[in-house]
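Below is one structure; the comments refer to it alone.
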Amino acid sequence: MHKLNELQLAKELIKFPSITPVDAGVMKFLEKKLKKLGFKTKLIEFKEKNLKPVKNLYAKIGNKEPNFCYAGHLDVVPPGNLSDWTVNPFKPSIKKGHLIGRGANDMKSSIAAFVSAVSIFINKNHNYNGSISLLITGDEEGDAINGTKKVIDYLKKRKEKINFCLVGEPTNPNKLGEMIKIGRRGSLTGKLIINGIQGHVAYPQRANNPSTTIVKILNELKNIKFDRGTKNFQPTNLEVTKISIDNNADNVIPGLAEATFNIRFNNKHSSNSIKKKLNKIFSKVSKKNKSKYKIEYRVSGEAFLTKPNATTFMIQNVIKDITKIKPKLSTTGGTSDARFIRKISPCLEFGLVGKTMHKIDEAVSLKDLKNLTKIYLNILQNYLK
């Protein structure tokens, strides 16, 4: 059985221009590599109206419990203006001890490190206690509708048990070993529409200005003190992201005003409890101003926390042994696919340094790539011993 080199595999994966949700053949390429290692694989494609189909991969070696799962994504964000790059983003290059290319950081190199670690592990250990699986999606950077969320439903229907999941997202701010994510805040977006009555600026009594109502509502929203944070989470925050009043004339009171806001909330709240709180404000202010409101909500994920246990501390110790840094257990940052996986398995996130993700000349340090492979290998050895 052959061992796979993490750098070589990272380069091969980066060559595929898998800009979300386009697969560009990368999923089948990885599937072939895993089959050669002895994995049983299933390519799962999901479709949704008005969206491009998305390929996902679930691969597993072994039948015993516990099942240790690694989760990641092979889709990448667009490279942006190609002339801003010093290299072709899909022709990986090595410069000054770094591998440069789109996905080098987020997160094809992390996948390469885990697959390399698995190839070394199964070469060394023929009778290990458990099984190893990979859940790889092509829809993490996009709508996240036909990706991990649906794969989790697929696995639940087939009664596939995952005992622990490690998500390989780039979790470290500056140095490899700084941070493990043990949870994430929830995310709720609201689009608020206020209907007033259009009219002439000189005759305000004949109109009802929706901009007055929306400004009052937004002011109340910004003054909400949701909480002061918890032991594991930073405070809940609300940010207004768009204000739109469709009016090109200076002498016309508009008939419509819109605003969009996003709330990142901790586990003191659910999306439903926040909606109830906000709806009371919308109703109260609109009524007072004799306006009508409409609110559309989109929930990207609820807040969750994987309570630290023996596996958490084992992973923390493995990272410390290799990087000489004791990683902080954190819930900071945006959402990730861990929000779907946690419904069927406890999960943590640990990967590379995220400084260059989504940027021009996205890169990974070759030293970090080698050390991440060692970390993943040692985690497998400790978990499946």
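Among (i) 83, 46, 41; (ii) 59, 52, 45; (iii) 74, 67, 35, which one is Cα extents along the principal axes in Å computed from these coordinates? Matching entry in (i) 83, 46, 41; (ii) 59, 52, 45; (iii) 74, 67, 35: (i).
Here F313, F304, F114 are placed in order of increasing Cβ neighbour count within 10 Å, fewest first, which gives F313, F304, F114. Summing charges over all other residues whose Cβ lies under 9 Å from the Cβ of E169, with Lys and Arg as +1 and Asp and Glu as -1, gives -3.
Inter-part distance, the range 158-184 to the range 337-357, computed on C-alpha centroids, equals 4 Å. Past 23 Å, Cα to Cα, is the threshold; run K11/K156; K33/K370; K175/K222 against it and keep the listed order. Over 23 Å Cα-Cα: K11/K156; K175/K222. Cysteine residues of the chain whose C-beta has no other cysteine C-beta under 4.7 angstrom do not occur.
From least to most packed, judged by other beta carbons within 10 angstrom and beginning with the fewest, L218, L380, L372 follow the order L218, L380, L372. Taking the centroid of alpha carbons for each part, the range 206-279 and the range 24-100 are 38 Å apart. Simple point charges give the picture: +1 on the Cβ of Lys and Arg, -1 on the Cβ of Asp and Glu, and for the range 186-301 a dipole about the Cα centre of about 660 debye. By the Cα gyration tensor, the range 251-375 has an equivalent ellipsoid whose semi-axes, rounded to whole angstrom, run 43, 20, 10 from largest to smallest.
No value in this document is a laboratory result; all are computed from the given coordinates. Every value quoted in this text rests on a predicted model; they were computed, and no experiment measured them. Positions of Cβ are generated from backbone atoms using ideal geometry, with glycine treated the same way; all protein chains shown enter the neighbour counts.
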